[in-house]
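For reference, the structure is listed below as structure tokens.
What follows is calculated from the coordinates using simple rules that are stated; it is not laboratory data. A quick note: this is a predicted structure, and the numbers were derived from the prediction, not measured. Counting neighbours? That spans all protein chains shown, and the Cβs are built from the backbone with ideal geometry, glycine included.
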Amino acid sequence: MEGVMSEQTFTATIEKDQRIEPRDWMPDGYRKTMIRQIAQHAHSEIIGMQPEGAWITRAPSLRRKAILLAKVQDEAGHGLYLYSAAETLGADRGDLTRRLIEGRQKYSSIFNYPTLSFADVGVIGWLVDGAAICNQVPLCRSSYGPYARAMIRICKEESFHQRQGYELLMTMMRGTEAQREMVQDAVNRWWWPSLMMFGPPDAESPNTAQSMAWKIKRHTNDELRQRFVDMSVPQAEALGVTLPDPDLRWNDDRGHHDFGAIDWSELKRVISGDGPMNTERIANRRRADEEGAWVREAAAAHAGKRAAT
Amino acid sequence: MIQHEWPLYEVFVRAKRGLNHVHVGSLRAADHEMALHHARDLYTRRNEGVSIWVVRSDDVVASGPDDKDAFFAPSGDKVYRHPTHYSIPDSVPHI
């Protein structure tokens, strides 16, 4: 009887568009799905420090170094807000890190591509963070309270990420011919992986219906992808770059841009571990965890000693 | 290998003078001092606060969502605690 009451309260709370909070009763499936969604997002922020972190020492000016450092520090912060949200569901962040390192939990496939030139830093800010914002703004209304609140903080900070990237690209486009070529090359390499960030097409996304019913997903993958394409086209024009899709054109009837077919076999390959950088990304995370272990142990020992005196 | 998981702390930030401290999230730290430093780095990177409290999560005592109705019942039937319970003619000023 109590179980029935709890389930009714849960369903009624979601129907009224109110938030589920940590100590509320929730179905096991909801809890598991939320932990998986939040952990995967947290892991993406943490692994996402690497592609751009690689450019901090090589950024072309002190200003760009300071910006990039602040941005990468934000990614760490976002990861920590999210691990904090995951812990309200009974997950343990040490355990989540181990699951990441052992390949038992995933992170966004986008971070398995290499950053070949400094223009990549700008394109990641513009397109990758732009796609992330498209995905994340609706999640500020997720039915799970702690996740929604973390997303509000994250979205405020992501706006800086996208704008610094676009400004960096505008600066390069005003530079030499070689710099403009670097920007176009980076756009060519990141455009399609950015579109893949929204996940498989709706027809092949079996969990979408349940997630929409639970209001932990507010729009389908294809809706968000379309929104991103429509936003990016005028931005690319203003920048003076070409998006690498010959089928990309405005469709007056739909009121949206049509775009070419996405190579889903590539997404599957990268997600299943065969992207250009998968092995290195995880090896770096494992090394940071292992080489930092003595620091965590020493701090715990020091705290224990001080508490005893 | 032994895993040394640091304890969990809840973080409260006062955004500016004149406002209450508000709960903003949690973090892991070895002790109180480290918790304060981590809270500053994590939750006030953009001038979000002028004061921070940290408290061990296992020291927080909370009411449960299940005893919501019974626990808060004492205030439920005391409508006379609200100013709108009293009808005063419109002609009476400043009340």
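Remarks
- Average projection area in nm² (convex hull over Cα atoms of segment A:60-133, one quarter of hull surface): 6.1
- Cβ-Cβ FRET estimate between residue A:286 and residue B:82, R0 fixed at 60 Å, reported to 0.05: 0.50
- Here the relative contact order of segment A:130-177, from alpha carbon pairs under 8 Å that lie six or more residues apart, stands at 30 percent.
- Note on segment A:165-220 and segment B:25-47: Cα centroid distance 32 Å, given to the nearest whole angstrom.
- Relative contact order (%) - criterion: Cα under 8 Å, at least six apart; region: chain A: 19
- Comparing Cα centroids, segment A:118-147 and segment A:42-97 end up 13 angstrom apart.
- A Cβ-based charge dipole, computed about the Cα centre of segment A:132-221 with Lys and Arg at +1 and Asp and Glu at -1, lands at about 520 debye.
- Against chain B, whose longest principal axis comes from its Cα atoms, helix B:32-43 is set at around 70 degrees.
- Prolate/oblate/rounded label for chain A (Cα gyration tensor, a/c 1.5): oblate
- Ordering A:37, A:6, A:51 by the projection of their Cα atoms onto the charge dipole of the protein assembly as shown, which places +1 on the Cβ of Lys and Arg and -1 on the Cβ of Asp and Glu, puts A:51 at the extreme positive end.
- Global geometry of segment A:102-226, whether rounded, prolate or oblate, following the gyration tensor of its Cα atoms and the 1.5 cut on a/c: prolate
- Ranked list, fewest to most other Cβ atoms within 10 Å of each Cβ, for A:52, A:7: A:7, A:52
- The residue among A:130, A:27, A:82 whose Cα reaches farthest toward the positive pole of the charge dipole of segment A:1-139, with charges on the beta-carbon of Lys, Arg, Asp and Glu, is A:130.
- Largest-first principal axis extents, alpha carbons of segment A:254-299, Å: 61, 26, 12
- Whether chain B is rounded, prolate or oblate, judged on the alpha carbon gyration tensor where a/c under 1.5 counts as rounded: oblate
- Fraction of C-alpha pairs exceeding 24 angstrom in segment A:171-309: 57 percent, rounded to a whole number.
- Amide H contacts for residue B:55 (H built 1.01 Å from N in the peptide plane; partners 5 or more residues away or on another chain; cut-off under 5 Å): B:10.
- Solvent-free Debye calculation, one equal scatterer per alpha-carbon of segment A:1-82: log10 I(q)/I(0) at 0.12 Å⁻¹ equals -0.55.
- Estimated dipole of chain A in Debye, rounded to 20 [Cβ of Lys and Arg +1, of Asp and Glu -1, Cα centre]: 1120
- Around the Cα centre of segment A:1-123, unit charges on the Cβ atoms of Lys, Arg, Asp and Glu (plus for the first two, minus for the last two) sum to a dipole of about 620 debye.
- Net charge, residue A:208 excluded, C-beta distance under 14 Å - Lys, Arg +1, Asp, Glu -1: 0
- Between the listed residues A:273, A:304, A:100, the Cα displaced farthest toward the positive end of the dipole of the protein assembly as shown, a dipole computed from Cβ unit charges relative to the Cα centre, is found at A:304.
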